[in-house]
Amino acid sequence: MNKKTFCAVVCAFFLALAFLAEAQQPKKVPRIGYLSVSDAATDSARSEAIRLALRELGYIEGQNIAIEYRYAEGKPDRVPELAVELVRLKVDIILAAAGAPGTRAAKNATKTIPIVMVGSGADPVEAGLVESLARPGGNVTGVTNLSRELGGKRLELFKEAVPKVAHVAVLYEPANPGSLREVKEVLPVAARALRLTVRSWEVRDADGFEKVFAALNKQRPDGLYVVGGPLMGANRKRIAEFALKSRLPSTYTNREAVDAGGLMSYGADLADSYRGVAYFVDRILKGAKTADLPVEQPTKFELVINLKTAKQIGVTITPNVLVRADKVIR
């Protein structure tokens, strides 16, 4: 073997070794940080729906994607520290499933890790989370559910479904700017048009519910309207149980509360929203820049009615509303 041939063989040998070593190197599995204000049990329906949506796009947890879950256990003040924890773990994407406050906490914790909003009810531009819906401009994008803008329609459907409702108690989180705007600006206008009396009750933390429930038992309103938000979402079962016990018709921003025992809800189609979340994860992992991915607004809305609850509290839903429901729990 001449010197030239020998060198060629040696080079080919080492190239083959390098290729083999590279092939044997395990591929980096992307890590997703999941940030929720609820506890794992309460949030399970949402997190499972997102996992299924990711699976449809080929991302299977435990195989080619890992998810780090962080739950604030119904305490919104814990969300910022959990966001910081996810940043320290150097996750590739943060899914902010804790409303606008959760997205803001994540944004405060990192300016580089992409953040995907999971159906925030607030206007993300108004909340200062993105520069515009078409061009977010920073490291935040995702799905907005427009819950606040739907407040008037939700109240209208509530009155139409249960005509006897005249005095409505409104539960909301004063620390949530979107909730505050819905209570102060949106609902009073709709209530006047519907000739309803509304009285708002603020709940600042999980310990505040019992005090408000005791006051409502004395006031005896005809209906309960729950403004969406992290604290309300984390305590949806607790609120629904109070409404059931008090035989109080109740309306919510999303079907998860109705699944927990609430009477009815009107809002963005959650399954469609979760598919949107998976779409953003897929695009970002394939190299898309968060700043260039337009925020998605809902195109599908759903009216959900729980007839089991209606029967328990002695309410008959009017047929013209029932026939328009997208889902009826019997």
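The values are calculated or read from the model by the stated rules, or taken from the named source; none is laboratory data. It should be emphasised that the depicted structure is a prediction, and the values quoted were computed from it without experimental measurement. Every residue, glycine among them, receives a Cβ derived from its backbone with ideal geometry; neighbour counts consider all protein chains shown. Quick note on the areas: whole protein, heavy atoms, side chains included, nothing else; ligands and nucleic acids left out. Shrake-Rupley method; radii C 1.70, N 1.55, O 1.52, S 1.80 Å.
Here are some notes:
- Principal axis analysis of the Cα atoms in the chain yields extents of 100, 37, 34 Å, listed in decreasing size.
- Of the residues 29, 323, ranked by 1.4 Å probe accessible area with the largest first, the sequence reads 323, 29.
- Selection of trypsin sites (Lys or Arg not before Pro), the range 71-100, meeting DSSP coil and at most 16 other Cβ within 10 Å: 90
- Between residue 95 and 33, 34, 35, 116, the built amide H atoms are under 5 Å apart, and every one of these is 5 or more places off in sequence or on another chain.
- Rounded, prolate or oblate (a/c below 1.5 giving rounded, otherwise prolate when a/b exceeds b/c) for the range 156-266 by Cα gyration tensor: rounded
- Put simply, the amide H of residue 253, placed in the peptide plane, has neighbours under 5 Å in 228, leaving out anything fewer than 5 places away on its chain.
- Solvent exposure of the range 115-193, expressed per residue, is 35 Å² of accessible area, with all protein chains present and a 1.4 angstrom probe.
- For the set 184/311; 28/90; 211/308, the pairs lying more than 23 angstrom apart at their alpha carbons are 184/311; 211/308.
- DSSP bridge orientation in the chain - percent antiparallel, rounded to nearest 5: 10
- Distance histogram in 10 Å bins (all Cα pairs of the range 238-330, percent per bin): 16, 37, 22, 15, 8, 1
- Solvent-accessible area, 1.4 Å probe, carbon plus sulfur percent, for the chain: 54
- Cβ crowding within 10 Å averaged over residues, with 275-282, 313-320 ranked highest first: 275-282, 313-320
- Beta bridges from DSSP with both residues in the range 190-330: antiparallel share about 40 percent, rounded to the nearest 5.
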